Amino acid sequence: MMIVAGHLTVAADRREAYLAGCVTVVEQARDALGCLDFSITADLLDPTRINILERWESQADVEAFRGAGPSGDQAAEVLSASVAEYDVADVRSLTG
């Protein structure tokens, strides 16, 4: 399993518009082969932060979906980013 996690920062007055522009991406990801979970959400404390969490069955699935990455317009809005991929060897459920 692959986990992609981290955050982006955008101007506080642009965050809601940025997130609105991500709705289609989230829909497409959740329908993509190998996607277990995909979310792009507003941080509850920092008005400039957007949290990223993705879970995929494999690295190949991540790469097949990601392609060239975000559009030029979206990428231009990102002031900074800290996002990484994690290759998970084992999973332990916390909910039973």
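Every listed requirement among (1) in contact with a Phe, Trp or Tyr (Cβ under 8 Å, 6 or more places away or on another chain); (2) open to solvent by 70 Å² or more (accessible area, probe 1.4 Å); (3) polar (S, T, N, Q) is met by GLN74 save one, (2).
In region 1-41, the qualifying residues are those that are among the β-branched types (Val, Ile, Thr) and open to solvent by less than 50 Å² (accessible area, probe 1.4 Å), and the one that is farthest from LEU79 (Cα to Cα) is ILE3. Inspection of region 45-58 finds no residue satisfying the criterion of being among the small types (Gly, Ala, Ser) and free of Cβ contacts under 8 Å to residues at least 40 places away in the same chain. Residue pairs whose Cβ atoms lie under 9 Å apart, sitting 6 or more positions apart in sequence or on different chains, and linking a residue in region 82-95 that is in contact (Cβ under 8 Å) with a residue 60 or more places away in the chain to a partner that is of a type in the set (S, T, N, Q), are SER82/THR9; GLU85/GLN59; ASP87/GLN59. The sole residue among ASP73, ASP13, ASP46 that is at pLDDT below 95 and at negative phi is ASP73.
The values are calculated or read from the model by the stated rules, or taken from the named source; none is laboratory data. Since we're looking at a predicted model, the values are computed, not measured. Positions of Cβ are generated from backbone atoms using ideal geometry, with glycine treated the same way; all protein chains shown enter the neighbour counts. The accessibility values were calculated without ligands, DNA or RNA, using every heavy atom of the protein model including side chains. Shrake-Rupley method; radii C 1.70, N 1.55, O 1.52, S 1.80 Å.
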